[in-house]
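One structure is given here, and the rest of the page talks about it.
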Amino acid sequence: GRKCAEALGFKLEEIEDWQCCGSVYPPGKNEIASKLPSVRALADSRDKNQALVTLCSACYNVIKQVNNDLQNDENTILKVNNYLAQDGIEYHGETKVLHFLEVLRDEIGWDKVKAAVKNPLKGKKIGAYYGCLLLRPGKIMAFDNPENPTIIEDFIRAIGAEPVVYPYRNECCGGYISLKEKDMSKNMCNNIMDSAAGFGAEMLITACPLCLYNLNKSGNGKLPVYY
């Protein structure tokens, strides 16, 4: 990600003393502690006057939903800021949260991405696997059309390959259920693999490390998967 950013004329600066985002957004209204690491990262970016950019779908989902809470949910705003007051932090959702793909689409532009490609993947047929965390909940994430996204297909075109659109590209791979219900996750991953292969894909790419793990670990191996 850093190397690609440099090739496109911008720099990614890592947050000092970063913590895990929590991996899963906590839906409980009174669940505050697991949101604090995301708030600290958001406040740190705010203080640097920078957007917060991530390459991980899960981090993007958690951080963006927490940021939305700090803009709109009075209960979360009150409790989080009361807790963080001891560290001299106050935060109200000021930071812009971006996935790396959004930076490419909205800040750089696909034409510039295409121009920077040294070895275009001509002749390759690639399926985009979105999963669910990039796209849902749609009104909060506002990343792309949750039912008919195009951003990864546009990226595939920019790197010189042919995108393959298939029905299961925004279905869940099983997520963390793969730790307990292995057969269920296997069926979900196989459906994704079969769908993509059936429409002519030679490989899959995903923006989610957990999806990458599940598809490689639980899938039927019909297609290679890359992150």
Give the residues of segment 166-185 that are more than 20 Å from L133 (Cβ to Cβ) and in contact with a helix residue (DSSP H, G or I) (Cβ under 8 Å, 6 or more places away or on another chain), sorted by residue number.
K182
Top-ranked residue in segment 10-26 [being aliphatic (A, V, I, L, M) and touching a strand residue (DSSP E or B) at 6+ places or on another chain (Cβ under 9 Å); ranked as farthest from A43 (Cα to Cα)]
L12
May I ask you to verify whether K29 is of a type in the set (D, E, K, R) and under 25 Å from I159 (Cβ atoms)?
no
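Yes/no matrix, rows are residues, columns are (1) open to solvent by 40 Å² or more (accessible area, probe 1.4 Å); (2) among the aromatic types (F, W, Y); (3) assigned to a helix (DSSP H, G or I):
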| site | (1), (2), (3) |
| --- | --- |
| C173 | no, no, no |
| Y176 | yes, yes, yes |
| I192 | no, no, yes |
| Y213 | yes, yes, yes |
| N216 | yes, no, yes |
| N220 | yes, no, no |
| L223 | no, no, no |
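Let's see how each residue does on (1) buried (at least 16 other Cβ atoms within 10 Å of the Cβ); (2) on the phi < 0 side of the Ramachandran plot; (3) of a type in the set (F, W, Y):
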{"site": "D69", "(1), (2), (3)": "yes, yes, no"}
{"site": "N82", "(1), (2), (3)": "no, yes, no"}
{"site": "E90", "(1), (2), (3)": "no, yes, no"}
{"site": "K96", "(1), (2), (3)": "no, yes, no"}
{"site": "L101", "(1), (2), (3)": "yes, yes, no"}
{"site": "W110", "(1), (2), (3)": "no, yes, yes"}
{"site": "A116", "(1), (2), (3)": "no, yes, no"}
{"site": "A128", "(1), (2), (3)": "yes, yes, no"}
{"site": "G131", "(1), (2), (3)": "yes, no, no"}
Identify, please: which residue in segment 22-54 is closer than 22 Å to E102 by Cβ and hydrophobic (A, V, I, L, M, F, W, C) and is, among those, most open to solvent (accessible area, probe 1.4 Å)?
V24
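Every residue, every condition in (1) over 27 Å from K122 (Cα atoms); (2) without any contact (Cβ under 8 Å) to a residue 40 or more places away in the chain, yes or no:
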| site | (1), (2) |
| --- | --- |
| C173 | yes, no |
| Y176 | yes, no |
| S185 | yes, yes |
| M188 | yes, yes |
| G198 | no, yes |
| L212 | no, yes |
| N216 | no, yes |
| K222 | no, yes |
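Among the residues of segment 6-59, write down those that are closer than 27 Å to A115 by Cα and in a helix (DSSP H, G or I).
The initial filter retains those residues of segment 6-59 that are closer than 27 Å to A115 by Cα, namely 6-14, 50-57.
The answer is E6, A7, S57.
Could you pull out the residue among I151, I140 that is modelled with pLDDT of 95 or more, open to solvent by 50 Å² or more (accessible area, probe 1.4 Å) and closer than 18 Å to C56 by Cβ? Quick ask: steps written out before the conclusion?
On the way: I151 fails: open to solvent by 50 Å² or more (accessible area, probe 1.4 Å).
Going through I151, I140 in turn, just one is modelled with pLDDT of 95 or more, open to solvent by 50 Å² or more (accessible area, probe 1.4 Å) and closer than 18 Å to C56 by Cβ: I140.
Got at least one residue in segment 55-62 being more than 17 Å from P26 (Cα to Cα), without any contact (Cβ under 8 Å) to a residue 60 or more places away in the chain and open to solvent by 40 Å² or more (accessible area, probe 1.4 Å)? Let's see the steps before the verdict.
Of the residues in segment 55-62, the ones more than 17 Å from P26 (Cα to Cα) are 55-56.
Within this subset, residues satisfying the condition of being without any contact (Cβ under 8 Å) to a residue 60 or more places away in the chain are none.
No, segment 55-62 contains no residue that is more than 17 Å from P26 (Cα to Cα), without any contact (Cβ under 8 Å) to a residue 60 or more places away in the chain and open to solvent by 40 Å² or more (accessible area, probe 1.4 Å).
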If you go through segment 96-130, how many residues are more than 17 Å from the chain's Cα centre (by Cα) and β-branched (V, I, T)?
4
Selection count where residues are under 20 Å from L212 (Cα atoms), among the aliphatic types (A, V, I, L, M) and not in a loop (DSSP other than H, G, I, E, B), scope segment 113-165:
6
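The values are calculated or read from the model by the stated rules, or taken from the named source; none is laboratory data. Remember, predicted model here, so these are calculated numbers, not experimental data. Backbone-built Cβ (ideal geometry, glycine too); neighbour counts: all protein chains shown. Protein only, heavy atoms only, side chains kept; ligands, DNA and RNA dropped before computing areas. Shrake-Rupley method; radii C 1.70, N 1.55, O 1.52, S 1.80 Å.
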